[in-house]
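Written below as structure tokens is the structure these notes are about.
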Amino acid sequence: MSMYRRYNYRAYPTQGQREALSRLYGACRYAYNWTLDQREFMRRRHGRMQSYTQLSGMFTQWKNTPGMDWLLAVSSTPLQQSIRHADVAYRNFFRLYKAGRTHIVTSHRTGKKRRTGLPRFKSRRDGEQSAEFTKSARFKVGHADGCKWAFLTLPKIGRVKLRWTRDLPSTPNTVTIMRHADGSYEASFTVQVDGEIDAPKPLHEACGIDMGLDSLMSIVYTDGTREKIPHPRTLKRHARRLRKLDKQLARGKKGSANYAKTRVLRAKAYSRIQNQRKDMAYKLASKVAGENQAVALETLNVKGLARTHMAKSLLDANWTRIIDRIRQLGVQYSRTVKRVDRWYPSSQICSVCGYRDGRKPLDVRIWECPKCGALLDRDWNAAVNILDAAGLAESLNARGGDVRRGLAQADRNADARETGTRRTVSLH
């Protein structure tokens, strides 16, 4: 099985290379905005759009006009890629707009669906700046075995120093050099990986997962163990620092040196929060997908829930990234990942006897089944029901007898760490 994967490395360009990259980013923005302008002009004037080949030829002629010499001072490959990106973005929007459908497109690489709208012009004030080089640019990556540093040679930029954290599995197809809002640089390689990926040996047959805000994840395993992952509350731990920086930025004068310094400090604070969220999500997804042969998840309407009063805590929980990462690793590790229907009442059904007791307020974390008298934990009860609804747990035996496990009982000491189950990842 062949797939594309990204490998990111921290970059440390020199002052001269930063100036060259700044000129390259400006040229890429100009090429992108020029393409959108030409497309919109042709659509309004003639009712049709040029192809990428026509736009590329027009831009090549435009670079040779008087006053456009600064476009010749940078590599032509990132400019052509900017034109290609603008062409794809505009075609995705116009194709769906003409068909009168919702603006949703499916990525040909990842298979994920995402919303798309009319492409907007890029600005130098955007926090993220990037330029993409393909194989035709003849970029090179030099790295010695055992060395923690590598050098990326880019045309008209030079040898950019990279912090080498892992080896590439094959020759990269593209590399994107990015500048983030906090002033840091990063090189992202696109690599095509062929063959099977070495997957860890699963420790459990299957698990059911209930996502929550009191506990980030409540996991129930088929071997009788269970555990809860606490909510990291990353934003809350940095709230005081962010409030202070927001006040300083609001009181500063735009364009001043102190305003620029405060803006960078604020961007670094948000970057730290983002990195901690991503680290937690990736470790947690690796633990779930690596230790279980099958995973049962609930289908969540995160965008709808984000419109409620729980929006801040919900988005800080990073549900979408965790679930997407579990699904990606499930494909790579050849695991079974099943999604339960959004409207399945996992919190209303007793996992011991199957009696449906109706909806309950969110502050009710433990409840007693009126039929069998079992004292149930709300999160673990939902996880057991999700495991059962996904077809990964048997509720009846061959003779029709009830074989439901008491994994959801609130007074049962079944924490996975206390039963001696080995954990491959320690979360912070």
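Inside the stretch 171-275, counting only strands (runs of 3 or more DSSP E) that do not spill past its ends, which hold 1 or more residues that are basic (Lys, Arg) and within 27 Å of residue 78 (Cα to Cα)?
Passing ranges, in order: 174-179.
Among the residues of the stretch 178-189, are any under 18 Å from residue 3 (Cα atoms) and modelled with pLDDT of 95 or more?
yes
For the structure I just gave you, tell me whether residue 347 is under 30 Å from residue 201 (Cβ atoms), surrounded by 14 or more Cβ atoms within 10 Å (Cβ to Cβ) and polar (S, T, N, Q).
It is false that residue 347 is under 30 Å from residue 201 (Cβ atoms), surrounded by 14 or more Cβ atoms within 10 Å (Cβ to Cβ) and polar (S, T, N, Q).
Tell me which residues, restricted to the stretch 224-256, are open to solvent by 30 Å² or more (accessible area, probe 1.4 Å), more than 16 Å from residue 318 (Cβ to Cβ) and touching a residue at least 40 places away in the same chain (Cβ under 8 Å).
Across the stretch 224-256, the qualifying residue is only 228.
Out of all the residues in the stretch 171-178, is one or more over 30 Å from residue 320 (Cα atoms) and either touching a residue at least 24 places away in the same chain (Cβ under 8 Å) or open to solvent by 90 Å² or more (accessible area, probe 1.4 Å) (or both)?
Yes: the stretch 171-178 contains one or more residues that are over 30 Å from residue 320 (Cα atoms) and either touching a residue at least 24 places away in the same chain (Cβ under 8 Å) or open to solvent by 90 Å² or more (accessible area, probe 1.4 Å) (or both).
How do the pairs read when you match residues in the stretch 128-153 that are free of Cβ contacts under 8 Å to residues at least 12 places away in the same chain with residues anywhere that are among the β-branched types (Val, Ile, Thr) and in a strand (DSSP E or B), using Cβ under 9 Å and keeping only pairs 6 or more apart or on different chains?
What qualifies is 151/141; 151/160.
Within the stretch 359-375, identify whether any single residue is part of a strand (DSSP E or B), under 30 Å from the mean Cα position of the chain (by Cα) and either at pLDDT below 85 or not acidic (Asp, Glu) (or both), and answer yes or no.
The answer is no; no qualifying residue exists.
Please find, among 32, 90, 7, 25, the residue that is within 29 Å of the chain's Cα centre (by Cα), in a strand (DSSP E or B) and surrounded by 14 or more Cβ atoms within 10 Å (Cβ to Cβ).
None of the others qualify; the one that does is 7.
Might you check whether a residue that is over 24 Å from residue 23 (Cβ atoms), open to solvent by 30 Å² or more (accessible area, probe 1.4 Å) and touching a strand residue (DSSP E or B) at 6+ places or on another chain (Cβ under 7 Å) occurs anywhere in the stretch 183-200?
yes
Quick one: residue 273 ticks every box in (1) within 30 Å of residue 125 (Cα to Cα); (2) of a type outside the set (Phe, Trp, Tyr); (3) at pLDDT below 90 bar one, so which box is it?
(3)
For residues that are out of contact with any Phe, Trp or Tyr (no Cβ under 9 Å at 6 or more places or on another chain), crowded, with 17+ Cβ neighbours inside 10 Å and of a type in the set (Val, Ile, Thr), tally how many sit in the stretch 35-61.
0
Identify all residues within the stretch 280-327 that are open to solvent by 30 Å² or more (accessible area, probe 1.4 Å), closer than 26 Å to residue 197 by Cβ, touching a residue at least 60 places away in the same chain (Cβ under 8 Å) and part of a helix (DSSP H, G or I); write none if there are none.
283, 286, 324
Looking at 311, 257, 294, 289, can you tell me which residue is over 26 Å from the mean Cα position of the chain (by Cα) and either small (Gly, Ala, Ser) or under 30 Å from residue 379 (Cα atoms) (or both)?
When all the criteria are applied, what remains is 257.
Quick check on my filter: what residues within the stretch 143-158 are open to solvent by 30 Å² or more (accessible area, probe 1.4 Å) and under 29 Å from the mean Cα position of the chain (by Cα)?
Correct list: 143, 148, 149, 151, 153.
Using the structure shown, decide if residue 379 is acidic (Asp, Glu), touching a residue at least 40 places away in the same chain (Cβ under 8 Å) and open to solvent by less than 60 Å² (accessible area, probe 1.4 Å).
yes
From the residues in the stretch 328-344 that are farther than 21 Å from residue 293 by Cα and in contact (Cβ under 8 Å) with a residue 12 or more places away in the chain, which one is most open to solvent (accessible area, probe 1.4 Å)?
Ranking the qualifying residues of the stretch 328-344, first place goes to 342.
The values are calculated or read from the model by the stated rules, or taken from the named source; none is laboratory data. It should be emphasised that the depicted structure is a prediction, and the values quoted were computed from it without experimental measurement. Backbone-built Cβ (ideal geometry, glycine too); neighbour counts: all protein chains shown. The area values use the complete protein model at the heavy-atom level, side chains included, leaving out ligands, DNA and RNA. Shrake-Rupley method; radii C 1.70, N 1.55, O 1.52, S 1.80 Å.
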